[in-house]
Every structure is written in C-alpha cells, then in structure tokens.
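Q: Got a structure for you, written out below as structure tokens; questions coming shortly.
The values are calculated or read from the model by the stated rules, or taken from the named source; none is laboratory data. These numbers come from a predicted model, not from an experiment. Here the Cβ is made from the backbone with ideal geometry for all residues, glycine too, and neighbour counts use every protein chain on show. Remember, those area values only see protein heavy atoms, side chains included, never the ligands or the DNA or RNA. Shrake-Rupley method; radii C 1.70, N 1.55, O 1.52, S 1.80 Å.
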Amino acid sequence: VLTSGAYNPSAIRRASITDLKAIKQLADQHRHELGFVLAPSLARSIERNELLVAENSEGIIGFVDFHHRRDNQTTLYHIAVHSDHRRQSIGRQLMGELIRDAKEHKKEFIQLKCPVDLEANKFYESQGFCRVNVQPNKHRDLAIWCLTVRTPSMTESEEWGNTMRSSNGSPSRLE
C-alpha cells in the first residue's frame, strides 16, 4: 500500500527481518513512551507478519507492532513515528493499515494500553478509540483503549456487551 505525506512520500509495508535494526533504533528513541522493547520480540512480530513500517527515502520512519489473537481481538503493542516526521499523518497511515489488516483477519476490535500521562492518548482518541478503563500500574496508570473495526454477529454482540460491563452490570466505558 502506497500513501504519501505533504512533501515526503512514505510507503506502509510489512516489515522484514532486514528492518529489525532500524525498528529497534526507533523503538529505543521512544523508550520513555514505549518502555524497553526487546529485539527478539520485534523479530517474532516480523515472523508472524504483525509488524508494519512506514518508509521513505530516508529509511524507516515509523512502525506499528501488533498481534492478532485467536479470539476477535487485535492487540496493538507499540506504535512510533520518528520525531522529524511527526504531524505528517504517518501515525494515521500506520493506524489505517492496522485497521485494514484487522478487518482482513476478521477481528472485531483493536485494544491497547497507554500510560495515562502520554500525549499519545490524544492520538488514539482522534483515531476513534474509546477509553474503556484505567488500569492501576506500579509506575504509572494505564489507559485501556478500544476501537471496534467490525460489527459482530448478534450472538457475539451479546457476548461483547457482557464482557464490556463492570461487575455491577454497568458499562465500563469511561468518558
């Protein structure tokens, strides 16, 4: 899939093992946001075809690392765009390809966790994600975000409604 920014065309494609070093370097540049991302974990994502990269003439300028679970969920693990290429719709392009891929794999929703203090939360909201919960964590609380990408069947719909309710029966979506 070929997409382009205003002045710096970029292509979104599946990562190959030869991209691993550049992806790891980009992840390390975003350690505050992503935490410590292990190269073997990225390599496994590449082997599963679950890592997309944004590339232009300068090389890898962004990536999204995810996993299509056996159930109806895709989990987004990491997304990052090089600081020199922010505000050029690279993140939006990566997210669009992730959504397309999730639909292709017949997933119903994409879920992710993000520290509540990060600017990335605004990005997820702008992409249509809903914050469904906040999970207390040892170092910083995590916002749990969810995006519906495919309407489930009626039976699955009822199941989904039951899983997205708190123990008292009320919706767990936070607004």
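Q: Is it true that some residue in region 105-117 is over 20 Å from Ala43 (Cα atoms), out of contact with any Cys (no Cβ under 8 Å at 6 or more places or on another chain), without any contact (Cβ under 8 Å) to a residue 12 or more places away in the chain and not aromatic (Phe, Trp, Tyr)?
A: Looking for residues that are over 20 Å from Ala43 (Cα atoms), out of contact with any Cys (no Cβ under 8 Å at 6 or more places or on another chain), without any contact (Cβ under 8 Å) to a residue 12 or more places away in the chain and not aromatic (Phe, Trp, Tyr), one finds none in region 105-117, hence no.
Residue by residue, here is whether (1) assigned to a strand (DSSP E or B); (2) of a type in the set (Phe, Trp, Tyr); (3) buried (at least 17 other Cβ atoms within 10 Å of the Cβ) holds:
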position: Leu118; (1), (2), (3): no, no, no
position: Asn121; (1), (2), (3): no, no, no
position: Tyr124; (1), (2), (3): no, yes, yes
position: Arg131; (1), (2), (3): yes, no, yes
position: Val134; (1), (2), (3): yes, no, no
position: Arg150; (1), (2), (3): no, no, no
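Q: Which residues, taken from region 29-60, are exposed (fewer than 14 other Cβ atoms within 10 Å of the Cβ) and among the acidic types (Asp, Glu)?
A: Glu47, Glu58
Q: Restricted to region 91-115, and to residues that are assigned to a helix (DSSP H, G or I) and among the aliphatic types (A, V, I, L, M), which residue is nearest to Asp141 (Cα to Cα)?
A: Met95
Q: Continuing with the same structure: Give the residues of region 61-101 that are surrounded by 23 or more Cβ atoms within 10 Å (Cβ to Cβ) and within 14 Å of Thr148 (Cα to Cα), sorted by residue number.
A: Thr74, Met95, Leu98
Q: Take region 31-54 and flag every residue that is at pLDDT 95 or above and either part of a strand (DSSP E or B) or not hydrophobic (A, V, I, L, M, F, W, C) (or both).
A: Those that are at pLDDT 95 or above and either part of a strand (DSSP E or B) or not hydrophobic (A, V, I, L, M, F, W, C) (or both): Pro40, Ser41, Arg44, Ser45, Glu47, Arg48, Asn49, Glu50, Leu51, Leu52, Val53, Ala54.
Q: Another question, then. Search region 76-89 for residues that are more than 20 Å from Ala102 (Cβ to Cβ) and pair each with any residue that is in a helix (DSSP H, G or I) and open to solvent by 50 Å² or more (accessible area, probe 1.4 Å) when their beta-carbon atoms are under 8 Å apart and the residues are at least 6 apart or on different chains.
A: Correct list of pairs: His82/Gln29; Ser83/Gln29.
Q: What are the pairs, 6+ residues apart or on separate chains, where a residue within region 13-28 that is surrounded by 20 or more Cβ atoms within 10 Å (Cβ to Cβ) has its Cβ under 6 Å from a residue that is part of a helix (DSSP H, G or I) and of a type in the set (Val, Ile, Thr)?
A: As it stands, the answer is Ala15/Ile46, since those pairs meet every condition given.
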